[in-house]
1. For all pairs of alpha-carbon atoms in the protein assembly as shown, what percent lies in each bin of width 10 Å, listed from the first bin to the last filled one?
2. Once every DSSP H run of n ≥ 4 in chain A is given -39500 (n - 2.57) and the sum is divided by its residues, what mean residue ellipticity at 222 nm do you get, rounded to the nearest 500 deg cm²/dmol?
3. Could you tell me what percent of the DSSP beta bridges with both partners in the stretch A:108-233 are antiparallel, to the nearest 5?
4. For chain B, what does the helix formula give at 222 nm: sum of -39500 (n - 2.57) over DSSP H segments with n ≥ 4, over the residue count, nearest 500 deg cm²/dmol?
5. For chain B, rounded, prolate or oblate, judged on the Cα gyration tensor with a ≥ b ≥ c (square roots of eigenvalues), a/c < 1.5 rounded, else prolate if a/b > b/c?
6. Find out how many positive minus negative residues lie around A:Asp34, taking Lys and Arg as positive, Asp and Glu as negative, among other residues whose Cβ is under 12 Å from that of A:Asp34.
7. Sort the following peptides by mean Cβ neighbour count (other Cβ atoms within 10 Å, averaged over residues), highest first: B:136-142, B:52-58.
8. Please arrange B:Cys120, B:Cys22, B:Cys6 by how many other C-beta atoms lie within 10 Å of their C-beta, fewest to most.
Amino acid sequence: MAEWGTLTGKMPSQNISPNNGGYLDFEQKVAELDDQVKELRGLGSTKGIDYSAEIRRLQRERVAELKRIYSNLTAWQTVQVARHPDRPLLSDYLNLMVKGFRELRGDRCFGDDRSIVTGLGRIGREKVMVIGQNKGKTTKEKVDCNFGCPNPEGYRKALAKMKFAEKFGIPIVTFVDTPGAYPGIGAEERGQAQAIAVNLMEMSRIRVPIVSICIGEGGSGGALGISVGDRLAMLQFAYYSVISPEGCAAILWRDGSQAADAAQALKLTSTDLLKLGLIDAVIPEPVGGAHRNVHDVVHSVERYTVKTLADLKRTKMENLLENRYKKWRSLGTSVTIGARGKPRPTKARIKAVAKVASTKARPTPAKV
Amino acid sequence: MRCPACEHMLYKRTVEKNLTVCPECTHHFRIGAATRISYLVDDGSFQQILEDLTASDPLGFKFRGTTYKQRIKDDEKKSGSKEAMQIGKAFIKGRGVVLGVMEPNFLMGSMGYVVGEKLCAAVDKAIEESLPLVVVSCSGGARMHEGVVSLGQMAKTSAALAKFDEARGLFISVLTDPTTGGVTASFAMLGDITIAEPGALIGFAGPRTIAETIKVELPEGFQTAEFMLEHGFVDMIVHRKDLRSEIARLIDYCQK
């Protein structure tokens, strides 16, 4: 049924031509407003006329427009935001939020997969093992990182470093951002499925707290392979799905271009998943998405991580493991079986969770 | 009927008598869960558990004209099974086991909430009664109609098997044609002993997906049971007629 991560047509540049300033299809009005502001600024400086009042009005209008657009994103538009070429990637989080990061490389078995980065650092005052999927910014980096699609050695490296963290009692923070595990010949030869399966099994019993945050794309098993832990949070406009919308459309409709409808059907947005009780928290993004204010979103993620780690560290190890097991063991029970008995999370609870994660982010960088 | 592998014309009855294996080329045909159970266990010893657990529609999945609910109804009729997995207690050559068998004719044997829940229940039963667990996988992967609920079943089943591992239980995973996607990437690959049927398609990504992504023709025999054996991911390839005795023998070796 589920063909894993059909990558065709999935490269992040789709829907955005390189010369339009990174505006998505549905942001035309914002682009126009930005153009007008630029024009007025140009006129102002050449002719010496003061247009500042007009510019302020346009900018207010721009913010209002962004708020309007981003409070009503469709599932498919959310997917496009999650794949935006300027969206902050693992490297941004490492630079701005993890102090003294020391990368630890290699799976001690086959190689070093650049699409999964692992290493030690500090978030807030807490020592952590960071495990994250990286997509790369420049073309060269993207190729090195295989566009964020890990091979089996990536998952084996992640597990090896997690065991290392377990040995020294260092909590684990994972950043999920992948279109999916790589579907290639070498990946199959080296046991992609087995590598992911072992991670799922071992992560369920690793004796340190594990916090996972989906910062962009949560592409099926490839994402799950580093997401099994005590808490799973998502950025507001990230998505998490069992299959890419294109892949789903290709299977059900034999036509990958119906992806928008498939995205809707798959219920892959953070809001939907929180409602279904499948994730623990949604971390709000700044107006217009994470790519419009990197510092802001990194700060929100840092706050969430620090707070969650502090909570988890207060729990006794045996209870932590028992809760983790229960969390995954009962997955889906409330939405499938207990749909009538147990109340589903209401809007009020979503708001409450969002509130915990929010708190007005400061525009200053999280790390100096 | 015609054998898809050697193209011999065969009598349906001869094939069925031969455990639905082509007598000419030993091509193993796909078989439903009920047939599989009848081939595998001692006559009449299968006692089903959680028989009435049926799929619900957590997402209200609707895509164009297709709804998940309709698909469930259609496949119930087609397969005569209410879900893509049956679990229960049984005897194999007199050895008590907890058995799970997947049903390929029900939404391609895909894993949704019910399959995950049944597998976990089988693990719990096996722990409770100190029995070996045998699971025959046959699946297209995670069931996309249940979205992240079905994706989560991968983690759920793996976590349950971690418990089973800690309880020192014996898990024999039998991979049949096809075992792909989220099922391979979770419980199917976590066996203490992994057995495959000859010629079975076993892999993570589907061959079509791989061919489309990397735009290269796939090598002969790619992702077959033999390929998996060669690359070290299965312990042995066993003919359908030997499966019963092989499982019984392995259980004997691992018995305390």
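1. Bins of 10 Å from zero give 3, 16, 27, 25, 16, 7, 3, 1, 1, 0 percent of pairs.
2. Details: 16 runs with 171 residues, N = 368.
After summing the helix terms and dividing by the residues of chain A, the value is -14000 deg cm²/dmol.
3. Values: 8 of 21 bridges.
Here the antiparallel bridges make up roughly 40 percent for the stretch A:108-233.
4. -10500 deg cm²/dmol
5. rounded
6. Details: positive: A:Lys29, A:Lys38, A:Arg41, A:Arg62, A:Arg292; negative: A:Glu27, A:Glu32, A:Asp35, A:Glu39, A:Glu61, A:Glu65.
Local charge sum for A:Asp34: -1.
7. Numbers: B:136-142: 29.1, B:52-58: 17.6.
For the peptides B:136-142, B:52-58, the packing ranking is B:136-142, B:52-58.
8. Ordered by Cβ neighbours within 10 Å, fewest first: B:Cys6, B:Cys22, B:Cys120.
Since every read-out is calculated from the coordinates, none of them should be taken as a lab result. All of these numbers come straight from a predicted model, not from anything done at the bench. Cβ sites come from the backbone with ideal geometry, for glycine too, and all protein chains shown count toward neighbours.
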